[in-house]
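Since the structure comes first, as structure tokens, the remarks are kept for the end.
FYI, it's all coordinate maths here, none of it is from the lab. Since we're looking at a predicted model, the values are computed, not measured. All Cβ positions, even for glycine, are placed from backbone atoms using ideal geometry, and neighbour counts span all protein chains on display.
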Amino acid sequence: MNWNKLKLGLLSASLVTSIGIQAQNSNVVSAAVEYKKFDMAFYTGNMEQAKEVLLKSKEYIDPAMEHASTKEDAKAHLYNGKIHFGLALVSGVLDDEALKEFQSEENKERYESSLKFAHNHRKFKRDVEDFVNNWVTMSTQAGTASFENEDFVSAFAGFAGAYELSKILDKDDADMKNNAMVSAQNAINKFKNDEDYDGAIEFIKLTKEVFPGNVDLTIQAVNLAFAKGDMEQATTFLNEAVETDPENDVLFATMGTVFLGSADDLAEQLKGMDVTDPNFTSISDLAEESYAKAEANLSKALELNPKNKDAAYNLGVLYLGKGEKLSLIAKQMDFNDPRYNETVAQSEEMYKKAIVPLEMYIEQEPDNTGVLQVLFQVHRKAGNTEKALEYKRRAEGGN
């Protein structure tokens, strides 16, 4: 083998590699220099210029983030994070189809991961903190101003944006989260006052992207869907909530209560309708479906937590209501009707089923006279004389 030829080959490869490294280092520097023009353009409201600066900076930083020599470079990540965060900001202001991609979760992940990468390097830790804290401050100020002007949707955006940014520095800012949720609640109330239920639901979907585990937001979305008469949408929100927090007994209890209230409203509506009404059957079916969903959710809540008194009380009320309804149907039947005995038996079964949840409730609220009276009555109906007398004494103030 010719040593000189080999040596020249190695030297050439070394030079090519060196030139490539220098080119990528130069790209990082060029991106940093170009990016410096962004702040002035953004702060003076010149969004078109801000866009051009960022897109030019992106042309430099993208190759650097792909090249082996610079893709693990902290400075490259610092400016990659800054540039793509800036593009996310500008894309939210300009109605520019070419910028839509920067509103994506992928872009958010890109700038967050790069800023976190740079933050983990001592040399650029302070740079990242200054950058993030500056935008947190600006977002907070924007949120405060919007809240004072009763633009609660924009207030939520400001506070939620500040909260999300602070997480880049591994902060879970409880105050900022609270500000965002207070703004969100005010926004939802405003939508509801305007009877804009669709707007409220769309806004809740937005808030859940930031706070996916918030059960209160989900419950409000379910209530709004019910207000619209959209059972399918309400069920969808319920299923999403269960996926997020499948062991939350309060969630199941609340959902059960919501379905029970809806079923009772539908049942009340049926009282004023003639059976020949073309909507009677569909409303009746929807009421039964709601009662079934109420029973399933309240039972699940008690399975998760037998001490959930709200679930226990409402499940007891549900069974009592079913028992009373069946009892009234039986009273309207002829004794010779072949369905009579079956209906009476079903009514008695519902009254018996009410005993268990109501006794679970009374363990938590031993002095509730109304429930004690009900337990006296249902035990008497069931033939449990001793238990019936015990609850009667307690209801009357005895020991």
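The mean of 1/r over all distinct Cα pairs in segment 151-200, once inverted, gives the Kirkwood hydrodynamic radius of 11.3 Å.
The simple Förster model, with R0 at 22 Å and r as the Cβ-Cβ distance, assigns E324 and I283 a FRET efficiency of 0.65.
Between helix 309-331 and the chain there is an angle of about 40 degrees, using the helix long axis and the longest principal axis of the Cα atoms. Compared with the dominant Cα axis of the chain, that is its longest principal axis, helix 105-119 is turned about 60°.
May I ask for the angle, rounded to the nearest 10°, between helix 74-93 and the longest principal axis of the chain, with both axes built from Cα atoms and the value confined to 0 to 90°? Helix 74-93 and the main axis of the chain meet at about 60 degrees. Annotation: lysines with alpha-carbon distance below 24 angstrom to K36 (same-chain offsets under eight excluded): K51, K56, K58, K71, K75, K82, K100, K108, K116, K123, K125.
Along each principal axis, taking the top coordinate minus the bottom one, the Cα set of segment 320-399 gives 45, 20, 16 Å in descending order.
With the simple model of a label 7 Å out from the Cα in the direction of the Cβ, R122 to D334 spans 9.7 nm. Taking a ≥ b ≥ c as the square roots of the Cα gyration tensor eigenvalues, segment 218-266 comes out oblate, since a/c reaches at least 1.5 and a/b does not exceed b/c. Relative to its residue count, the chain spans a Cα convex hull of 273 Å³ per residue. Restricting the GluC sites (Glu not before Pro) of segment 199-270 to loop positions (DSSP other than H, G, I, E, B) with no more than 13 neighbouring Cβ atoms within 10 Å leaves E247. For the pair M138 and E303 in one chain, pulling the backbone fully straight at 0.36 nm per residue adds 54.7 nm over the alpha carbon distance. Looking at segment 60-145, the GluC sites (Glu not before Pro) that sit in a DSSP loop and have at most 14 other Cβ atoms within 10 Å of their own Cβ are E72.
For segment 320-399, the Cβ-based charge dipole about the Cα centre amounts to some 120 debye (Lys, Arg positive; Asp, Glu negative; other atoms uncharged).
Averaging the Cα positions of each part gives two centres, and for segment 85-119 and segment 360-387 these lie 61 Å apart. Going 7 Å from the Cα of D130 toward and past its Cβ, which residues in segment 72-89 have a backbone nitrogen under 19 Å from where you end up? Only 74-86 fall inside the zone, counting backbone N under 19 Å.
Computed over segment 44-111, the Cα gyration tensor eigenvalues convert (square root of 5λ each) into semi-axes of 22, 13, 10 Å, ordered from largest to smallest. Exposed loop positions in the chain were taken to be trypsin sites (Lys or Arg not before Pro) whose DSSP state is not H, G, I, E or B and which have at most 15 other beta-carbon atoms within 10 angstrom. Between these positions, the longest stretch is 72-170. For K37, a cut-off of 19 angstrom between C-alpha atoms picks up these aspartates and glutamates, skipping any fewer than 8 places away in its own chain: E48, E52, E59, D62, D127, D130. By the rule of a C-alpha distance below 22 Å, with chain neighbours fewer than 8 residues away ignored, the lysines paired with K228 are K190, K192, K205, K208, K271, K293. When you filter the chymotrypsin sites (Phe, Trp or Tyr not before Pro) in segment 127-192 for DSSP loop state and at most 12 other Cβ atoms inside 10 Å of their Cβ, nothing is left.
Kindly identify segment 166-284 as rounded, prolate or oblate by the Cα gyration tensor criterion: order the square roots of the eigenvalues as a ≥ b ≥ c, call it rounded if a/c is under 1.5, otherwise compare a/b with b/c, prolate if a/b is larger, else oblate. Prolate, since a/c reaches 1.5 and a/b exceeds b/c. Which shape class applies to segment 216-374: rounded if a/c is under 1.5, otherwise prolate when a/b exceeds b/c and oblate if not, where a ≥ b ≥ c are the square roots of the Cα gyration tensor eigenvalues? Because a/c hits 1.5 or more and a/b fails to exceed b/c, segment 216-374 counts as oblate.
Computed over neighbours whose Cβ is under 14 Å from that of Y391, the net charge equals -1, Lys and Arg +1, Asp and Glu -1. Only one residue of G272, H379, A294 has its Cα farthest out toward the positive end of the dipole of segment 257-399, where Lys and Arg carry +1 and Asp and Glu -1 on Cβ, and that residue is H379.
Once the Cα-Cα distance is subtracted from the 0.36 nm per residue extended length, the D170 to N193 segment shows a gain of 4.5 nm.
For the chain, adding -39500 (n - 2.57) for each run of n ≥ 4 DSSP H residues and dividing by the number of residues yields -27500 deg cm²/dmol at 222 nm.
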